[in-house]
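Student: One structure is given below, represented as structure tokens, and several questions about it will come after.
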Amino acid sequence: MSPFARLREFEKRTRPVDPATAAALQRRWDELPAAQQVPTQVLGRRTTGCEGTHGVFPKCNFSCKPCYHSADANKVRVDGPHTLAEVERQMQFMEATNARTTYAQLIGGEVSLLEPEDHAAALEIMWGYGRKPMSFSHGDFDYDYLRRIAVDDDGAPRFGDRELSFACHMDTTMVGRAGIKKPTTEAELNDFRGRFCEMFDRLEHEFGVRSFLAHNMTVTPGNVDQIADVVSNCWDQGWRLFSFQPAAYIGNENRWREGFRELTSDVVWGEVERGVGGRLPYEGLHVGDTRCTRSTWGAWVGDTYVPLIDDRDERDLHTVATMLDAFPGNLIGNDRLTASARILRSLIDSPGALPVGARWLRRFIDRAGGVRTLVEARSELRPMTFVMHQFIDAADSAAAWAHMQAGTKATESKIKVAQERLQACAYVMGHPELGQSVPACVQHAVLDTAENRELSQILPLPTRKPTTSVGE
């Protein structure tokens, strides 16, 4: 490639937003309900949302209660070639229809049931289609498995200087973890949470592989009052994100329990705030509909959590709106040079964003206790995001989805709300055969059953042949 051609390619790659991404963002914005088209809305401006895989490895070796997957999920064998082919097909579709540099989960099923080489190959495919992959797991695997994903046979990091991202689901609703099959309290799992993070610390120390770790927790009436202790005792183990999902009536009916509807978003979020020791503002940045997703970005300064945005301060809300206008599309590239160039070009196009950002930084420093406090705590600064995802019950999702497919609007109050939430969904799964991205609630409530039944025929579990004697 000639120097001129390389320069031209770099110019295209470092544009704040490429034409295909801009078109995808506009489509996503137009699809949002009017009530969600607010200046602090991320969907349709910075991203088209997060993504997940489906039908690539539905099998799991745990028996959690509740479980969002259909009863047929464990009748499907784990098959590396099928996984890689499906990931390729789905990511190709998502790249063609959604924004690039989108966060995407490699999710089933249990991802660690894949052979490590297949696991690594699936991540490479996702990177290749402009996704930023995160493996979703119960975390019950050993260091050797993790090393074989992250490091090749020559001892070199497989993914260069890119972070290896994992979301670890760990709570008392889960049955089957080695060393603690049926935990009765969340506190019993804290050492297991710590050991999971320690594997990634070791990976970085031995091979220089950086990681991003998210902690997921299903919330029921049985453990809601233990959320605060999980947060207060585990925030400094190495996690970068804590996510909480109040249980909903989705998936395998044999694993449902009564009482899930007793939990409201305010109750769950209040327990997270109790663990943090302060208010967690979630209206400063909207990721879809706050009835589905509440998010707070911030950092621990020493042992004090400081949110980036105070949603009661109009100046902070103005900052968010200004930055979303100034930096269209996701600026995160696959390398630091690309990201830096995109930021610089965006600032050249929108110079007014710089003083607005500087004034916000001054307010954040003040909230954190001042420059001296930040300098003294510089070695203990830990970025941290808190998220809550409120899933929709299966029956309501199915009814709302039927209206969306028919192009009609629900009139029944709870179905109308479900339809609005699905239209603003921030977590979707790609279906090339349908030509559309499907909200995760719809995937689990409507599509999983037939999909896994079909997969059980395509990828049946191996059957054991009856033994016979020599005489027979």
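The values are calculated or read from the model by the stated rules, or taken from the named source; none is laboratory data. Keep in mind that this is a model prediction, so the values were computed, not measured. In this analysis, Cβ positions are derived from the backbone assuming ideal geometry, glycine residues included, and neighbour counts consider all displayed protein chains.
Student: Looking at (1) without any contact (Cβ under 8 Å) to a residue 60 or more places away in the chain; (2) surrounded by fewer than 21 Cβ atoms within 10 Å (Cβ to Cβ); (3) part of a helix (DSSP H, G or I), which one does Ile149 not meet, given that it meets all the others?
Tutor: (2)
Student: Can you work out which of the residues in region 274-329 that are in a loop (DSSP other than H, G, I, E, B) and of a type in the set (Asp, Glu) is farthest from Glu380 (Cα to Cα)?
Tutor: That would be Asp289.
Student: Shifting gears a bit: If I filter region 90-117 down to residues being in a helix (DSSP H, G or I) and not hydrophobic (A, V, I, L, M, F, W, C), which single residue comes out as surrounded by the most Cβ atoms within 10 Å (Cβ to Cβ)?
Tutor: Selected residue: Gln90.
Student: Of all residues in region 201-238 being among the aromatic types (Phe, Trp, Tyr) and over 17 Å from Leu280 (Cβ atoms), which is farthest from the chain's Cα centre (by Cα)?
Tutor: Within region 201-238, the match that is farthest from the chain's Cα centre (by Cα) is Phe207.
Student: Checking Arg257 against (1) under 17 Å from Asp225 (Cβ atoms); (2) at pLDDT below 95; (3) of a type outside the set (Phe, Trp, Tyr); (4) outside any loop (DSSP other than H, G, I, E, B): exactly one of these is not met. Which one?
Tutor: Failed condition: (4).
Student: A follow-up question, please. Quick check on my filter: what residues within region 175-188 are of a type in the set (A, V, I, L, M, F, W, C) and in contact (Cβ under 8 Å) with a residue 24 or more places away in the chain?
Tutor: Across region 175-188, the qualifying residues are Val175, Ala178, Ala187.
Student: Take region 78-102 and flag every residue that is of a type in the set (D, E, K, R) and within 14 Å of Cys50 (Cβ to Cβ).
Tutor: Arg100
Student: Sticking with this structure for a sec: Would you be able to say whether some residue in region 118-141 is closer than 27 Å to Asp72 by Cβ, of a type in the set (Val, Ile, Thr) and buried (at least 24 other Cβ atoms within 10 Å of the Cβ)?
Tutor: Within region 118-141, none of the residues are closer than 27 Å to Asp72 by Cβ, of a type in the set (Val, Ile, Thr) and buried (at least 24 other Cβ atoms within 10 Å of the Cβ).
Student: I'd like to check which helices (runs of 4 or more DSSP H) are fully inside region 373-472 and have at least 2 residues that are among the small types (Gly, Ala, Ser), in contact (Cβ under 8 Å) with a residue 40 or more places away in the chain and crowded, with 19+ Cβ neighbours inside 10 Å.
Tutor: The helices (runs of 4 or more DSSP H) meeting that bar are 394-406.
Student: Would you pick out the residues in region 232-253 that are without any contact (Cβ under 8 Å) to a residue 60 or more places away in the chain and assigned to a helix (DSSP H, G or I)?
Tutor: Ser232, Asn233, Cys234
Student: Among the numbered conditions (1) aromatic (Phe, Trp, Tyr); (2) more than 20 Å from Arg195 (Cα to Cα); (3) outside any loop (DSSP other than H, G, I, E, B), tell me where Phe159 comes up short.
Tutor: Every condition holds for Phe159 apart from (3).
Student: Looking at (1) loosely packed, with under 15 Cβ neighbours inside 10 Å; (2) among the basic types (Lys, Arg); (3) farther than 19 Å from Tyr103 by Cβ, which is the only condition Arg336 fails?
Tutor: The failed condition is (3).
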